[in-house]
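The numbers here are math on the coordinates, done by the rules we state, and not lab data. Since the model is a prediction, treat every value here as computed from it, not as a measurement. Ideal geometry is used to build each Cβ from the backbone, glycine not excepted, and the neighbour counts take in all protein chains shown.
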Amino acid sequence: MKPAEPICHVVGILDDGWGGLADAARAALAGAGLVVGVGRTLELVRPHLGAAAATKEFHDMDGALSAAPGRIAAALDAGRGAAVLATGDPLCHGIAGYLIGKLGAARVRVLPAPSTLQIAFARFGKPWQDVAIASCHSKDAGEWQAGATPAHGLYPLMRAIALNRRVFAFMSPDNDPARLARALLLAGYGDDARLSVACRLLLPDETVRVDLAVAEAAAMVFPEPCVVLVERRGNDALPTFGLADDEYVQRAPEKGLITKQEARALSLARLRLKADAIVWDIGAATGSVGLEAARLAPLGHVWAIEKNAADAANARANAERFRATNYTLVEGKAPAGLEAWPDPDAVFIGGSGGELAELIRRVLARLRPGGRLVMNFVTLENLATATAALGASGGATWDVVQLQASRSQPILDMHRMAAQNPVWIITAKKEEA
């Protein structure tokens, strides 16, 4: 009979170490010629392998994850078994999926331990079947700031919290629960959220805190490693789409420097945003179009620019009120700075600062294939400039809609219709690749 091919066992291990391993996991470690793990997990098992430890090769993955699949494959090809140590359930934000992708499912067998998630919820005394799971094990980007981009280590977690009422997160030394709590305060969740934190599970100094107020958690020190549950009441009063003009902070004492609801609704429809769209809002003013775009593209991000300081302040105030954690506002005059933004799926131009033709040229050059550029104009001169620039550009099809809306106004004990200024809405679609 042909001997069984050697395989790689991915062994789930918790901080209680060898004592928490099942017999199958101990046997896999005893029979492996190569044992892979981070330094902390290797030291949990090395003393228990006895004299056999001297015959094994140990590979510390700290800072060298990419080298692990090659080492494992070489060991298997040489007829030696391999064992990889992973925290908890290796298929829950663990290494097992990565190794299966590199080595193939036939060469990997997963031996899970109870996950950190399961143990944490047992400590919290809360069910977990409805939670979203997130992680922030990424490079330290400092404290969360309003307008943080997807490059920030807390960004995926903050978006998960915006989209789900219950989120369980694996934290990191740089991005700890206190920093997360401070981010939640800045994003406007101070009265809406509670944090439950479990630190150093299964160790003698295990610490569990349940239902902390955000402000309380923001000032605490949490020992590593730790996990956190964020629970929101979910009182999001504002709709995803169709906000009224008076729900936005606007320039005072005169109001009106805002894309009106009727034009805003049609412009957003014309942008045809997908959930993960990258959007540019040029000439953001109060931020009305960009902020509703951020709500319509919850898995994407909006980059906005506004040259007027007072309007930019209003846009920031609106972003804070609407908890727009996928919205970045830059104070400046386009096209300066656009080169640092990622290529967009959709672009809205509400103001051009006299650079309209050049803006159109640059936007069409950067717009992704099939992407859309939508522009609003109230003057004949800008309409003519835009259509001429689009005609000269090539590579995009375009059309114009004239929108004329009227709103009812009271007059004595009756109502009349008051006409708004007509708006020309130009939509340009870049050709598919």
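Listing MET417, MET220, MET375, MET61 from fewest to most neighbouring C-beta atoms within 10 Å gives MET417, MET220, MET61, MET375. Answer with a single label: of (i) 22, 40, 28, 9, 1; (ii) 25, 55, 19, 1; (iii) 20, 39, 26, 13, 2, which was calculated as P(r) over Cα pairs in 20 Å bins from 0, in percent from the structure in view? The calculated read-out lines up with (i).
Checking Cβ-Cβ separations below 4.7 Å across the chain identifies CYS8, CYS92, CYS136 as cysteines lacking any candidate disulfide partner.
Between ALA51 and GLU143, what FRET efficiency follows from the Cβ-Cβ distance if R0 is 51 Å, with the result rounded to 0.05? Plugging the Cβ-Cβ distance into 1/(1 + (r/R0)^6) gives 0.50. Quick check: pseudo-label points 7 Å beyond the Cα along Cα→Cβ at ASP205 and ALA244, how many nm apart are they? Placing both labels 7 Å along Cα→Cβ, they lie 5.6 nm apart. Normalising the average separation of contacting C-alpha pairs (under 8 angstrom, six or more residues apart) by the number of residues puts the relative contact order of the stretch 118-232 at 30 percent. In a fully extended conformation the segment linking LEU91 and SER66 would gain 7.2 nm over its present Cα-Cα distance, using 0.36 nm per residue.
When both the stretch 50-111 and the stretch 249-323 are represented by their alpha-carbon centers, they are found 48 Å apart. Here the contact order of the chain, divided by its residue count and restricted to Cα pairs under 8 Å and six or more residues apart, works out to 10 percent. The distance between label points at ASP16 and ALA74 comes to 3.7 nm (points 7 Å beyond Cα on the Cα→Cβ vector).
Applying the Karplus relation 6.51 cos²θ - 1.76 cosθ + 1.60 with θ = phi - 60° to the stretch 67-81 yields 3J(HN,Hα) values of 7, 4, x, x, 5, 5, 4, 5, 5, 5, 5, 7, x, 9, x Hz, where x marks Gly and Pro. With contacts taken as Cα pairs under 8 Å and at least 6 residues apart, the stretch 245-430 reaches a relative contact order of 19 percent.
Under the combined filter of DSSP loop state and at most 16 neighbouring Cβ atoms within 10 Å, the stretch 102-156 retains these trypsin sites (Lys or Arg not before Pro): LYS139. Packing, taken as the mean count of other beta carbons within 10 Å per residue, orders the peptides 190-198, 324-332 from highest to lowest as 324-332, 190-198.
Partners of LYS260 within straight-line reach, counting lysines whose Cα lies under 28 Å from its Cα and excluding those fewer than 8 residues away in the same chain: LYS274, LYS307, LYS333, LYS429, LYS430.
Label separation (ARG416 vs ARG368): 4.9 nm, computed from points 7 Å beyond Cα along the C-beta direction.
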